[in-house]
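Just so it is clear, none of the values below were taken in a lab; they were calculated from the coordinates. Predicted, not measured: the structure shown is a model, and the values here were computed from it. With ideal geometry, Cβ positions are generated from the backbone for all residues, glycine too; neighbour counts draw on all protein chains shown.
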Ligand SMILES: Nc1ncnc2c1ncn2[C@@H]1O[C@H](COP(=O)(O)OP(=O)(O)OP(=O)(O)O)[C@@H](O)[C@H]1O
Ligand SMILES: [Mg+2]
């Protein structure tokens, strides 16, 4: 069967046109037939559409994107270089091979630099089939690589969204439990204390052992109230929501100092502003995690904390004078605590950097853009996962 030089198969629908869909930019019918002949001899299963000017080329790219473009270099009405530029823009993944009678080495190199896949001289058409096969192989590999990269990126985005969601839910939960523990238990205990006082006023003066018992019970209730307050504060310090980040960091540093005996000095160059709650929480939780690490790993004698603003970003620096974190520890995939800190910061568009000097200590720096008024630091979960909160519906 003699191939129709213009079209051996309808361009659409793609699925019904078998084999490789080739778009051939060629003004000479004879050369086109030669190319087809060589391909057929080489066992390539294909359908071909020949065009010889820009309009038809663009039309074909738009209507029936090919699997492969073969193009002459010098055409009377069109120029191969321009075809290449158009193809790179409209169909960047489609391999583009120049099949030309006139191409000096310099021009050839230039076209390859501009994104052509290969070039074959018409005087050496035996190279055509191997060149086509190689181009297609590479194209498949490229497509697969792109797909794999895409999948990886998507899965990373999902993971990040999930992390954000989990942090959000966890923080909500902690806030709710802290409030309930504080309010409900606190009130119940205060009620008990008042009842005891009432009892004490009713017990006869000479009931010494009863009075002693009531006193002991009252002291016990006081201690329990303190415990309840401590638990609520550890879940989520009210100071964070009421007085803001700077106050909460100062408070946490003081707690740390009391617990460990290590001086923990806070210098704040920012006004104690109450920023968006999620933004504040991110900094506060990273700070807590950093102090925990210092307590567990640093063998430090002193901790210095600095809060500053730098070009619309809040910068928290925590320096300890301990053994110094190593590069391996910073980069390790097992440093889940550090990964969590980075992910938290990423939730508000920020970042965490760590630096250690052997025997000189470790510096942790957290930076994130300060959200403007009314602009949330942390977008509510974007996971599409169900998130219901009956308390804050
Ligand atoms: N301030 C520090 N000084 C020295 N080493 C540190 C410091 N902070 C972290 N490291 C090192 O980095 C490692 C990773 O820290 P990371 O917080 O990720 O894990 P972790 O504290 O061991 O465990 P967790 O998951 O409970 O936080 C630590 O195990 C420790 O070896
Ligand atoms: Mg840790």
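So here's what we get for this one:
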| item | result |
| --- | --- |
| For the range 238-382: rounded, prolate or oblate by the Cα gyration tensor [a/c cutoff 1.5] | oblate |
| FRET efficiency, 1/(1 + (r/R0)^6) with R0 45 Å, evaluated for residue 355 and residue 202 via beta carbons | 0.10 |
| Cβ crowding within 10 Å averaged over residues, with 141-150, 192-201 ranked highest first | 192-201, 141-150 |
| The range 238-382, relative contact order in percent, only Cα pairs under 8 angstrom and at least six apart counted | 24 percent |
| Residue 30 versus residue 331: modelled label distance in nm, points set 7 Å from Cα along the beta carbon direction | 6.3 nm |
| Sequence-separation-based contact order of the chain, relative, with Cα cut under 8 Å and 6+ spacing, percent | 10 percent |
| Rounded, prolate or oblate (a/c below 1.5 giving rounded, otherwise prolate when a/b exceeds b/c) for the range 14-147 by Cα gyration tensor | rounded |
| Distance cut-off 36 Å, percentage of C-alpha pairs in the chain lying past it | 56 percent |
| Shape call, the range 255-325: gyration tensor on alpha carbons, a/c limit 1.5 | prolate |
| Projected area averaged over orientations for the range 144-272, convex hull of C-alpha atoms, nm² | 13.9 nm² |
| Beta bridges by DSSP in the chain, antiparallel share as percent, to the nearest 5 | 55 percent |
| Helix-only [θ]222 nm of the chain, DSSP H runs n ≥ 4, -39500 (n - 2.57) each, per residue, nearest 500 | -16500 deg cm²/dmol |
| Length-normalised contact order for the range 14-147 - Cα pairs under 8 Å, 6+ apart - percent | 23 percent |
